[in-house]
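Here is the structure we will look at.
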Amino acid sequence: MTCTDIFGAAGSAWLDGLPLPQPYAGKVTSLRHLIGELATEITMLSGVIADLLAGDRGYRVIQQLPGIGPVLAAVITAEIGDVTRFRTAGQLCSWAGLTPRHRESGTKVTRGHVTKQGSRMLRWALIEAIQRAGASTPAGAVKTAIIARRGKEARNIAKVAAARRLLILAFYGLRDGQIRCLSQAPGPPPVTQPPAQAA
């Protein structure tokens, strides 16, 4: 029998019915108990985080970005802190280490890998969000365009560029309380029919 969700009810029943010899049965029982304890802690901490961020407008707004859910939004909000300390989105990207190195000497300009300065956790959260964002999203379109132009060898470069685009969108969401490029354009006004005249 195969089980698609080993942590669900069917998976638990399947594990109960496995005829495992010792020490394997003891190890599985111990790990299942540990998973239960950790799940309880995760649920409790998720509630605490939700309570702490409930009034944060930016936290709610950046969850509109494809690939960013409550957990990644909490990480991004906590790692950035007060977004108003950055005058521009470019400053935030530079602080996060998502901009390429830039060296100049006379007339020679060299651009290198990203600096990786700043918060490693913020970069991780953005890359995770990019993995979940579709190709039709603003950040996903950046990734797709770079891969189409430079080939599959540029996948990591494309992920970083898409993460930078996502961070720019998050900057405006945290600062302004809205992300304009995700706003729906207003539709045409409804057509009103003149009232029918009585004959």
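The values are calculated or read from the model by the stated rules, or taken from the named source; none is laboratory data. Being a predicted model, the structure only gives us computed values, none of them experimental. With ideal geometry, Cβ positions are generated from the backbone for all residues, glycine too; neighbour counts draw on all protein chains shown. For accessibility, only protein heavy atoms count, side chains too; no ligands or nucleic acids. Shrake-Rupley method; radii C 1.70, N 1.55, O 1.52, S 1.80 Å.
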To the nearest 20 debye, region 80-181 has a Cα-centred charge dipole, built from +1 on Lys and Arg Cβ and -1 on Asp and Glu Cβ, of 340
Roll a 1.4 angstrom probe over the protein heavy atoms and tell me the percent of accessible area of the chain that is carbon or sulfur.
-> 58
Classify region 99-168 as rounded, prolate or oblate from the Cα gyration tensor: take a ≥ b ≥ c as the square roots of its eigenvalues, call it rounded if a/c is under 1.5, otherwise prolate when a/b beats b/c and oblate if not.
-> oblate
Identify which of 35, 179, 68 has the largest mean-square fluctuation in a Gaussian network model of the chain, with springs joining Cα atoms closer than 10 Å.
-> 35
Dimensionless Rg/Rh of region 132-179 - Kirkwood Rh, Rg from C-alpha atoms = 1.06
Give me the distance in nm between label points sitting 7 Å out from Cα along the Cα-to-Cβ direction at residue 102 and residue 117, one decimal.
-> 1.2
Under 20 Å from the Cα of residue 152 - lysines, other chains or at least 8 residues apart = 143
Kyte-Doolittle mean at least 0.0 and Cα extent at least 24 Å along the axis: which DSSP H helices of the chain qualify?
-> 24-53, 155-176
Taking a 1.4 Å probe, which of 113, 102 shows the most accessible area, and what order do the others take after it?
-> 113, 102
When the solvent-accessible surface of protein heavy atoms is calculated with a 1.4 angstrom probe, in what order do 4, 137 fall, highest first?
-> 4, 137
Answer check: the chain, Cα atoms, Kirkwood Rh, Rg/Rh ratio of 1.16
So how strong a dipole does region 1-94 carry about its Cα centre when Lys and Arg Cβ are +1 and Asp and Glu Cβ are -1, to the nearest 20 debye?
-> 260
Any aspartates and glutamates with Cα under 20 Å of the residue 116 Cα? List them, leaving off those in the same chain fewer than 8 positions away.
-> 79, 104, 128
Rounded, prolate or oblate: pick one for region 102-142, where a ≥ b ≥ c are the square roots of the eigenvalues of its C-alpha gyration tensor, a/c under 1.5 means rounded, and failing that, prolate if a/b is larger than b/c, else oblate.
-> oblate
Got a sec? Which residues in region 120-134 would a label at residue 38 touch, if it sits 7 Å along Cα→Cβ and we count backbone N under 15 Å?
-> none
